[in-house]
Amino acid sequence: MGEVKEVIVVGGGIGGLAAAYGIAKLGKKVTILEQAPQFGEVGAGLQVGPNGLRALDSLGVLDEVYKQAVFPRRHVFMDALSGKELSAVQFGDSFQERFGYPYIVIHRSDLHSVLLKACQSLDHVSFLTNHKLESVKEFADYVELRCENGAVLQAEIVIGADGIRSMTRKLVSQADPVVSQYVAYRFTVPMSEMTIDIDWDEKLTWIGPGIHLVQYPVRHKSVINQVAVFKSYKYNENSDDWGTAEELHQMFGESYSTIKESLKFAENGMITKLFDIEPLEKWSTNRVTLLGDSAHAMLQYLAQGACQALEDAVCLTEKLRDNGSNIVKALDEYQQERIPRATQVQRGARTWGEIKHAEDSVTRLLRNTIMLNRSADDYTYLDWLYKERTLTTV
Ligand SMILES: Cc1cc2nc3c(=O)[nH]c(=O)nc-3n(C[C@H](O)[C@H](O)[C@H](O)COP(=O)(O)OP(=O)(O)OC[C@H]3O[C@@H](n4cnc5c(N)ncnc54)[C@H](O)[C@@H]3O)c2cc1C
C-alpha cells in the first residue's frame, strides 16, 4: 500500500475548495482531486446571501471576495407579463443589521479564484487534476479511491464534493438526480451592448407562468448576467430533445417587451437542464462524508446551492477541529447538524419554484397580492435562511 493521505477532497468546485481550505487551516494535509484538466467554474453569475458571506468570513476570505463583488441596492420582483413591480427586498443598512452581512452578486470564476488562491497559499494543500474518481472503497483504517487514469489513492478521510452526479454519494445512496422539467439558459452580455433601460444597481427577477428571468451585473458592472428559466412541455424521459431555443421563445412569448428584448442574446449561452436530489438521510460513513451538491443538490430558486456548500465547509471544519482524532464522531456530528438544515433549504427551493412559476390565475392573484402588500424592509420571511445557524420553520 502507498502513502495514506490525511484528507482527500473529491471535486474542486466552490464547495470542495472551501472545505479544503478550512480543513488545511487546521494543519491537516489536504489533496484535492479533480476530474477536469484544470480547476474552474462553469456559468457566470452567483448570488451569495448573508449566510454564504458569514461562511466566507469564517474561512477568512471575505475581504478578497468583496473586492470582486457587486452589492445590489434591492432585489426587485417584477411581473413577467405586465412588467410591473410586485415586491422588493431592500439590501441597505437594516438588512445588514438584521443578518450581519450584505447581499452580493459575483462572477462564479471570481469566487472560485479567491478560494483556489487561498488553497494555493498553503504548502500542505496538493492538487491533482485529470483524476476522475471511478470507485470508492472503505476499509477500517483508510479509504481507497480508484481513478479513471489508473491512479489508486488512499486517505484517512474522504470528502465527496463531486457535484450532483457524485460518485462518492454511491456509498450512502443509489438514488439518481430528480428531473424538474425546467431548463435554464445562462448568458452574459457586456453592459455596453445592453439595449434595455434598467437600473443596474438592482437585481431583477421577472416571474410568470412556467417562466422566470434573473438579471444582475457582475465584474464591476461591466457585464450583465442573465438566467432565463422555463418549463419544458416537451420533456420526455427517453429523449434529450427538450428545452430547445424554440420552446424558450414560445414560453416567453407573452412576456413583457423588456424581457423579450433581453432574450435575444439567450441562445449564445449555456443550457442547463435542472435537477435536484431527494434529501438524503445519511451523508457520512466512518471515514467518508459528502458536501455541497453531492450531499444536497437543490433547485436554484433560493440561490442557495453554493451558500449551503459554504455552510457545509465551515461546519465540517469545526467538527474536525473539535473532535481531534475521532473522525467517526466528527463526521457524524457534521451530518447531524447539516442534514436538517440542507433538507429544509432543498424543500424550500422546490416550493419557492412552484410559487414563482404558478400558472393558474387564482394562485397568481394570491401570490401577487401578498407580494404587493409586503414592504421592502420586512425581512421576517428571510430569517430562516439568512440568520445565524437557526432552524426555524419556513
Ligand atoms: C442556473 C443555476 C443558478 C444557480 N445560482 C446560484 C446562486 O445564485 N447562488 C448559489 O448559492 N447557488 C446557485 N446555484 C447552485 C450552485 O451553482 C451549486 O450548488 C454549487 O456550484 C455546487 O458546488 P459544489 O462544489 O458542491 O459542486 P460543483 O460545482 O458541481 O463541483 C463539483 C466538482 O467536482 C468535480 N467532479 C465531479 N465528479 C468527479 C469525479 N468523479 N472525480 C473527480 N472530480 C469530479 C467536477 O468537475 C467539479 O469541479 C445555481 C445553480 C444553477 C444550475
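The values are calculated or read from the model by the stated rules, or taken from the named source; none is laboratory data. Since this is a predicted model, take the numbers as computed values, not measurements. Cβ coordinates were reconstructed from backbone atoms using ideal geometry, including for glycine residues, and neighbour counts include every protein chain displayed. Calculation scope for accessible area: heavy atoms of the full protein, side chains included, ligands and nucleic acids excluded. Shrake-Rupley method; radii C 1.70, N 1.55, O 1.52, S 1.80 Å.
Calculated FRET efficiency, residue 149 to residue 238, Cβ-Cβ distance, R0 = 25 Å: about 0.15 to the nearest 0.05. For the set 170, 319, solvent exposure ranked by accessible area (probe 1.4 Å, protein chains only) runs largest to smallest as 170, 319.
Identify, among 251, 326, 277, the residue whose Cα sits farthest towards the positive end of the charge dipole of the chain, taking +1 on the Cβ of Lys and Arg and -1 on the Cβ of Asp and Glu, with the dipole about the Cα centre. Working it through, the farthest residue towards the positive pole turns out to be 326.
The long axis of helix 108-120 is offset from the longest Cα principal axis of the chain by roughly 20 degrees. First check a/c for the range 90-150, with a ≥ b ≥ c the square roots of the eigenvalues of its C-alpha gyration tensor; if it is under 1.5, answer rounded, and if not, answer prolate when a/b is larger than b/c or oblate otherwise. Here the range 90-150 falls in the prolate category.
Kindly state, to the nearest 0.05, the FRET efficiency for residue 191 paired with residue 134, given R0 = 41 Å and r defined as their beta-carbon distance. Plugging the Cβ-Cβ distance into 1/(1 + (r/R0)^6) gives 0.40.
Checking the Cα-Cα distances for 231/273; 260/356; 28/319; 25/319; 282/356; 170/356 against a 22 Å cut-off, the pairs over it are 282/356; 170/356.
With a 1.4 Å probe and all protein chains kept in place, how do 201, 93, 322 rank by accessible area, largest first? Don't skip to the answer; put the middle values down first.
On the way: 201 55, 93 125, 322 100 Å².
Heavy-atom accessible area, descending, gives 93, 322, 201.
How many angstrom lie between the Cα centre of the range 20-37 and the Cα centre of the range 217-253? The two parts, judged by their Cα centres, are 35 Å apart.
Can you pull out the chymotrypsin sites (Phe, Trp or Tyr not before Pro) in the range 108-186 whose DSSP state is coil and whose Cβ has at most 14 other Cβ atoms within 10 Å? Write out the running numbers ahead of the final one.
Numbers: sites: 127, 139, 142, 182, 185; in loops: 139, 142.
Passing both the DSSP loop test and the Cβ count: 139.
Estimate the FRET efficiency between residue 66 and residue 164 by the formula 1/(1 + (r/R0)^6), using the beta-carbon distance for r and 45 Å for R0, to the nearest 0.05. The computed FRET efficiency comes out at 0.95.
Please list, by residue number, every one of the GluC sites (Glu not before Pro) in the range 245-326 that is coil in DSSP and has at most 16 other beta-carbon atoms within 10 Å. Please report the intermediate quantities before stating the final value.
On the way: sites: 246, 247, 254, 261, 267, 281, 311, 318; in loops: 254, 281.
For GluC sites (Glu not before Pro) across the range 245-326 that sit outside H, G, I, E and B with at most 16 neighbouring Cβ atoms in 10 Å, the list reads 254, 281.
Among the trypsin sites (Lys or Arg not before Pro) within the range 31-111, those in coil by DSSP and having at most 11 neighbouring Cβ atoms inside 10 Å are 84.
Here residue 10 sits with roughly 10 square angstrom of accessible surface, probe radius 1.4 Å.
From the phi of every residue in the range 84-98, what ³J(HN,Hα) in whole Hz does the Karplus formula 6.51 cos²θ - 1.76 cosθ + 1.60 yield, where θ is phi - 60° and glycine or proline is x? Once θ is set to phi - 60°, the couplings for the range 84-98 become 9, 6, 9, 5, 8, 10, 7, 9, x, 4, 5, 5, 5, 5, 6 Hz.
Distances between placed amide hydrogens fall under 5 Å for residue 12 paired with 35, all partners being 5 or more residues away or on another chain. With a ≥ b ≥ c taken as the square roots of the eigenvalues of the C-alpha gyration tensor of the range 149-246, please select rounded if a/c is under 1.5 and otherwise prolate if a/b is larger than b/c or oblate if it is not? It is oblate, given that a/c is not under 1.5 and a/b is not larger than b/c. Simple rule: put +1 on each Lys or Arg Cβ and -1 on each Asp or Glu Cβ in the range 12-148, find the dipole, and look at 27, 104, 122; the Cα lying farthest toward the positive end is 104. Each principal axis of the chain carries a Cα extent, and these read 66, 50, 40 Å when sorted largest first. Which angle between 0 and 90 degrees, to the nearest 10, do you get for helix 361-373 versus the longest principal axis of the chain when only C-alpha atoms count? Compared with the principal axis, the helix lies near 80 degrees. The angle between the Cα long axis of helix 50-59 and the main principal axis of the chain comes to about 30°, on a 0 to 90 degree scale. Computed from label points 7 Å out along Cα-Cβ, the spacing between residue 271 and residue 375 is 4.6 nm. Helix content alone sets the calculated 222 nm mean residue ellipticity of the chain: runs of n ≥ 4 DSSP H residues at -39500 (n - 2.57) each, divided across all residues, give -10000 deg cm²/dmol. Using only the Cα atoms of the range 40-89, build the gyration tensor, take square roots of its eigenvalues as a ≥ b ≥ c, and label the shape rounded, prolate or oblate: rounded if a/c is under 1.5, else prolate if a/b is larger than b/c, else oblate. Prolate shape, in that a/c is at least 1.5 and a/b is the bigger ratio.
Counting Lys +1, Arg +1, Asp -1, Glu -1, what net charge surrounds residue 387 among other residues with beta carbon under 10 Å of its beta carbon? It would help to have the intermediate numbers written out before the result.
Details: positive: 54, 98, 389; negative: 383, 388.
Summing Lys/Arg as +1 and Asp/Glu as -1 gives +1.
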